[in-house]
Each structure stands twice: as C-alpha cells, then as structure tokens.
Amino acid sequence: AMSDDIAYQLLPTGTRDIIKVLPKSGPLVNFQEFITSRTKFIDDAVDSFLRGVQEDAISSSEGGYTNKKPQIVLFGAGYDTRSLRYNNKATFFEVDLPEVVDGKGRLQQYWKDLQSKAANGDDVTLPTRLGYDLNNAADPTKPSLSESLTNAGLDPSVPTLFVWEAVLFYVKPKAVLEIFEDVFNLGTKSVYCLVDSLKPAVTTSFLHITREVFDTYNLDIIDHNSRWGGAVRKESSLTKTMLNERDELPFSYLATSAPNGIEEQSPETASYNDHWYAVAYPWQIEEGEVFSTRLWGEPLVLYRDTDGNMVCAKDVCPHRSAPLSMSKMNSEGRLECMYHGWSFGKEGACESIPTQTIADGTTTPSNFKKKACLKTYAVQEHEGLIWLWRGNLLEADADKLPKTRKDASTYPCDTILDYNVDWQYIVENNLDSPHLFWLHNGSVPPVRSLNFVREKVNQVKLKFFRDDSGLGHYGQTSGGKPKIVRFDAPNIVRHGGVSSFSEEFHIVPISPGQTRVLLRQNLPKGPILSTVLSIPFAESFLQKLVNVWNYHIALEDYSVMQGQAHNVDDLGAPHLALGDLGDDLVSHFYKWKASAEKNDGALPFFAKWDGKAMDFKAAVTDKEMSQETSFSVVDDKENVDGRQVGTYGILKSYSQATPHDKYPPVNYQMYKPLLAMDQMMRKDAPGNPEVEPKNGSLVMATVTVTVGAAATVGAAVAQTIHG
C-alpha cells in the first residue's frame, strides 16, 4: 500500500479514517500493485532527475540554468499529489483535460489554505495548470503542446522532466505520434519518464525495439522494463550524470543478458571451460540434506554449511575415496562420510576425524585437516539458481553470471525435466521454432493460445539477430505475437515473448546420453496474476499446472529426439542434412560445438580424475568418456518398492547414476494418470475416436472440478502470455 500523508489530509474529515480499516492484504490490495509500482517508478525518476540536475550544475561548464529551478511536467496525473509532495524542489506544470485541471486546482488551493492556517502556507507554490486535450495535438488548427507549454511559462533552456502517467491509452494514435515528435525535440536538457502506452510508436515491450524508436528522436534509454521506461537527450551533460548513477542497459533482445556472451560464440574463443553452469534450484538443497549430481559426467555433491552457504565438492572422500553422495549431514551441520565418519564443513574444510579426537575434546592437528579438505568448485546462488564454475577455483568470476534487468516484475515457475538423450539434441530442439507448430500443434493451452498449430506453420516469420549476449531469432507468430529465441553458450537457450514473459532452458549435461533440464518460466506479474496468486492454494496450483504442461510437451519431444539420436549417434546419419526455416541457428550451434572441442583439445565430458590432485581430466575420444559402457564396476541397479536404488545397502544404497531420473519425460509415471484422463476426455487426443464423454462419470466429475480450478489460474497465465 502507498503512504501519502498529503492525500490522506485532502480526504473529507468525516470519512478519511475509513482508510484505516481497509484490508492491508488480499486480492484488492494485490490488484493495486500495478498502481503502487507505477507511483514508485515515477518518484524514483523524479529523485534521480533532481539529483542529476544538482550534480550537473556543480560540474557543468555549460551554465545558463543554475539559478533556475528544474522543471517537471506531468501529463494526465489526475489527482496525484506529486507537485505538492515535491513542493519547491522544482517548478511544476500539470497538463490534463480542462475540467480535471479546474477540479485539481480547487483541491490544491484547499491544501495551500490548510498550510496557511498552520503558519507555513507561504512556502507552498502551486503548479502551473494547463487545460489541454492531448487529442488536439493532431489538429493543425490548434496550438501545439510545446507552444502551449512555453506560453504557460515553460523555459526550454532549463532541465525538464516530462512524465506521462497512464494518459496515452486514451489518446488517438496520430496524436500520440505528434506529441512525441513535438515534445521529444523540446529543450536540450530534457528527460522523459513514460509509465504509459507507447503505441503506435512502440508495439512490443522488447528493449531493442524501444531503443530503435527512441534513437530516431536522439534519445538514450536509461531505464526500461515491460511496463514502462525512461529516456534522456543524447550528448547532454545531464545525460552523462544520470547514466553514471545506474548500470548501462545492455544491448540485449531479452531481459536477461550474458556479459561478453557474443564474444564467447566466435570460433576463436568457443570453449566449455571458464563458464558458469546452473546445476540445481536452491529449493532442491535444503539445510540438512545432501544433494548429488553430475556435470559433464563428473560426480559432484552439494550441501549447505552451518551458515546456510552452499558447498560443491567432488563426490569422493579424501580419506579412502568413498562416495560422499552416500553421506549424511550430522547433528553439527557437517557432511559426514558414512565409511569412517570424517566430517566436512565450511568451504569443504575437514573439521573432524573420529580416530584422531583426543579424550579431552582436542581434535586432529590443523595441518593434517588442511590436507584432508574436499576438492571443491566455486559455487554461487544467483537469481534463483545454483551455479558452478567450471574452471580454476581462483579465477571464478561472478561478473560473468547472467544478469536480469532490475524491476522485471515476473513470477517464476520452475520445472525439472530428465532425458535419456544427449544434451545437444535438447539444445537444438529448443532453438527450433517451426516444430512448435507441427509437432506440438496446440497440444497444451499456452501453445494453442499463441496459434502454434499446423495450419499456421507457413505464417511464422524468423529473422536472425546478434546482440551482446548471443545469437538468435526474432520472429512473429501467425497472430503477430513476437517471439525471441537465443542461444547463450555453452548450454542455455532462452525464449522471450510479450510483456517480459520469458523461458530459460538450462540444459545440464549429466553424462553422455543423460541430461537434466532446469526450466524456468517467468510470467509477467501484473495486477491480474498478482490477484489470482493471493487466492489460497492458487500459487501451488499454478506451479503444478505449468509443470504438467511442460511434462506434456517434453514427452512429445522426447520420443522424437530418442529416434533422432539413434539415427545420428549409432547409425551415422547427419545432424542437419538439408536446412529449412530456422535451421541456421541449429547450424550455428553445431559449428560452435565443434569449435569449442577443437579449442579445448578434448570433449567436454569427464574421463577420470587425474592423480591425487583430483583434477578433471577430459575425454579426448568417445571411448574415454566416463559412462557405464567404460566402467569395470557397475552398480546392481536394484529396485526397492518399485524404485531403482543402485546397489542396495542396509544403511545406504550406492548409485552411480546420480541424480536419479526422477522427473518426466524419462520417469513419466507421475504424469501418466493425467495423460490417460486427457486421452479419455479429449475428442481430438491422438488416436482417440471422436466419442462424447459419458455424463455423470467419476472421471467426468474429476475433470470438471480440475478444469474449473484451472480456469481462473489458467486464464491469468494466458493473459500474461498474450500481454
């Protein structure tokens, strides 16, 4: 909720206390999030502008305005109190419809009179109010907006902030373009804050499109997200001052950028080394738990120390090489090897060896324990993922982690997918847009809502692009909705849509022929979704609903990729024989992959640990890769209660195949009942005869309840995708 003492005091005295009993949470408050966020964005812009003017006046040699207050012009502010809250810090002009301006003038005068009674009314300077219908900007017989403002006293030589607040939605497109052409060329030290529609000048929320439009007006964008943004005049000292206090917006088609990403996609610099790899979600590794996985075939173990910090180590005890994945977290919050009880804590340090603990509690000499520490990797928790640095521990550079622009208001939905197919096939699958239309053919609601259906496949448009993070396609669906696909080397594919909707596929190579995908879908968190999520259980339901949709799509992809991999890897067929629409991106990926292997002098996969140093030794040939076919010892693959545990043990079973294939599409048992229900109820389900469902059946009743519950949440999801 917003806090505005002036607005509170302007309420009628007999009813103002009603506001104190209004709900502080719930659907209504969540729906207002859009308004509170908009207000905060404008106030931050005003504060930044005023700081910039002050700093620029001190350092600028241009002069000419230092003795005048900066100016702020508010368009369509309605009954906002900003000009009163920032009273005397700037000269304010308020532009609105004549009848609104008159009513607001009376309210502002009432405030000044209240202050006069409190003996400080002389300090209140009311704004200059200008009654102007913005639609008249398109009428050549009427005065222009800039002419009307200068006649009202605006000085174009003085630094001026222009703010549009939810007013251009009601202005005719031709008038909007005339206003931009007029006001964007007014003054040499002008700053523009737009929390408004930019149509028809800008029709999508993507930064690169917005930047192209603002470039035509000689404006630099200094802040931007899917809802609103800000710009300043190029080549102005004030511009430089305001840019200095914020990070420069990267040239990225998506909200998330990869520092120096495009440089790492050239054939000369391509490499699998010195990269951050996402290996898990933080929620997978709670305190007191041991998490085992592999990356490029190397066994790893992760745990949280007593401070909650993440530790990632090679899955081998420094004593007798027992797997630490069979360990547990003991009562002291340490990773305790089950073989001899050696325990490890912060940064993998050895903190206890039972056989060397003296009766008085004195433990092992520190020099011995230093030798007994774990072989660790640099690890970071960043933007909702756990990242591991593949490279020299001392050279781990957190600045190379992907970064998402601040103020991107989204709600993340996480899905884990397990595949028994090599990572490269999943990369190329997610780089491929046309298959969405043909293979998936609207099989789940989000795909159908975007017109990804076979009859529209010949209407898709794709254009190759290059930004500072990577290479990709910018295209449009048959309904004109924009779609972005980008490859961020070495193993991330990103998708983007309208209103900051995005998907990120972290394609984790577990071992040769085994891959785990950490899929995060970022839904725009507007007022509708925020309100829906405040309903009890809606958040959990939304997560499950999105998971189910992803399982369905993954199962459709998986069987094709299995057959494709067999033809290519086992029978010698080419990856790409004849290119079609969109295949240039797939071709680029395989060229990058070949260059990386050439530059590294080896395959990316693990062969074995090299001596006591336990260094990662990469495989040079396929036969050297660490996989079951090359092992002399293979676990027994025992099944207990229907679940494969590896080599069964009374205390702890041992498994080489970590992590277990817990999720679809490999382990689709959790999804199969819903799939069977879907097959039964849908007349258009593959292989299903067109038979009307029987009314009154238990299945029908269940589906009715499920669909009813899905309608509210699903509608919100569809709304966020469409924007």
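The values are calculated or read from the model by the stated rules, or taken from the named source; none is laboratory data. Everything numeric here is computed off the predicted structure, so don't read it as measured data. Neighbour counts are summed over all protein chains in view; Cβ atoms, including those assigned to glycine, are modelled from backbone coordinates with ideal geometry. For accessibility, only protein heavy atoms count, side chains too; no ligands or nucleic acids. Shrake-Rupley method; radii C 1.70, N 1.55, O 1.52, S 1.80 Å.
Report, to the nearest whole %, how much of the accessible area of region 403-529 belongs to carbon and sulfur atoms, 1.4 Å probe, protein only.
Carbon and sulfur atoms account for 50 percent of the accessible area of region 403-529.
What pairs in Lys68/Lys199; Lys608/Lys637; Lys371/Lys608; Lys461/Lys591 have C-alpha atoms more than 26 Å from each other?
Table pairs above 26 Å Cα-Cα are Lys68/Lys199.
How far apart, in nm, are the 7 Å Cα→Cβ label points at Asp47 and Tyr668?
5.2
For Ala573 and Ile650, calculate 0.36 nm times their separation in residues minus their Cα-Cα distance, and state this gained length in nm to one decimal.
Net length gain for the segment: 23.1 nm.
Normalised by the residues of region 101-182, what does the relative contact order come to in percent, with Cα pairs under 8 Å and at least six apart?
With pairs under 8 Å counted, the relative contact order is 30 percent.
Order these peptides, 39-46, 648-655, by their mean beta-carbon neighbour count within 10 angstrom, highest first.
Ranking, from highest mean packing down: 39-46, 648-655.
Under 8 Å for C-alpha pairs, at least 6 residues apart: give me the relative contact order for region 460-525, rounded to a whole percent.
19
Sorting check: for 562-575, 382-395, 543-556, which peptide has the highest mean count of neighbouring beta carbons within 10 Å, and how do the rest follow?
Packing order, densest peptide first, comes out as 543-556, 382-395, 562-575.
Return the sequence-ordered ³J(HN,Hα) values of region 611-627 in whole Hz as given by the Karplus equation 6.51 cos²θ - 1.76 cosθ + 1.60 applied to θ = phi - 60°, using x for Gly and Pro.
x, 5, 5, 6, 5, 6, 9, 7, 6, 8, 10, 4, 5, 7, 5, 6, 7
If you take every residue apart from Ile285 with its C-beta less than 13 Å away from the C-beta of Ile285, what net charge results, scoring Lys and Arg +1 and Asp and Glu -1?
-4
Out of all DSSP beta bridges in region 108-229, what portion is antiparallel? Express it as a percent rounded to 5.
25
Return the FRET efficiency for the residue pair Tyr79, Gln459: r is the Cβ-Cβ distance, R0 is 35 Å, and the value is rounded to the nearest 0.05.
0.15
Rolling a 1.4 angstrom probe over the protein heavy atoms, how many square angstrom per residue are accessible across region 555-650?
It amounts to 63 Å² per residue over region 555-650.
Roughly what would the spin-label model give for Glu638 and His340, points 7 Å off Cα along C-beta, in nm?
2.5
Within region 397-441, report the trypsin sites (Lys or Arg not before Pro) that DSSP leaves as loop and that have at most 11 other Cβ atoms within 10 Å.
Here the trypsin sites (Lys or Arg not before Pro) that fit, given the DSSP loop and packing criteria, are Lys406.
For region 534-686, with all protein chains present and a 1.4 Å probe, just round the carbon and sulfur fraction of the accessible area to a whole percent.
56
What order, most packed first, do the peptides 294-304, 344-354 have when packing is the mean number of other Cβ atoms within 10 Å of each residue?
Final packing ranking: 294-304, 344-354.
For the pair Lys117 and Asp397, what calculated FRET efficiency results from E = 1/(1 + (r/R0)^6), where r is the Cβ-Cβ distance and R0 = 56 Å, to the nearest 0.05?
Calculated value: 0.35.
Starting from the 7 Å offset along Cα-to-Cβ, what nm value, one decimal, do you get for the label separation of Phe537 and Ile35?
My value for the distance between the label points is 3.1 nm.
Measure up Lys544/Lys652; Lys375/Lys403; Lys456/Lys483; Lys456/Lys481; Lys346/Lys369 against 21 Å on the Cα-Cα distance and list the ones that go over.
Lys544/Lys652; Lys375/Lys403
State whether region 101-191 is rounded, prolate or oblate according to the following rule on the C-alpha gyration tensor (a ≥ b ≥ c being the square roots of its eigenvalues): a/c under 1.5 gives rounded; otherwise a/b larger than b/c gives prolate, and the remaining case gives oblate.
Judged from the Cα gyration tensor, region 101-191 comes out prolate (a/c at least 1.5, a/b above b/c).
Could you name the aspartates and glutamates whose alpha carbon sits less than 15 Å from that of Lys142, not counting residues in the same chain fewer than 8 places away?
Asp133, Glu178, Asp182
Note down the relative contact order for region 294-411 as a percent, whole number, built from C-alpha pairs under 8 angstrom at least six residues apart.
With pairs under 8 Å counted, the relative contact order is 19 percent.
Read phi for every residue in region 502-518 and hand back ³J(HN,Hα) as whole Hz from Karplus 6.51 cos²θ - 1.76 cosθ + 1.60, θ = phi - 60°, with x for Gly and Pro.
3J(HN,Hα) across region 502-518, in whole Hz: 8, 10, 10, 9, 8, 8, 8, x, 6, 7, x, x, 9, 9, 10, 10, 9.
Which aspartates and glutamates, on any chain, are close to Lys69 with Cα under 19 Å apart, when same-chain ones fewer than 8 places away are left out?
Answer for Lys69, where 19 Å is the Cα cut-off: Asp43, Asp44, Asp47, Glu55, Asp56, Glu94, Asp122, Asp123, Asp155, listed by chain and number.
Say R0 is 30 Å: what FRET efficiency, to the nearest 0.05, do Lys608 and Gln356 get from their beta-carbon distance?
Efficiency computed from Cβ-Cβ geometry: 0.50.
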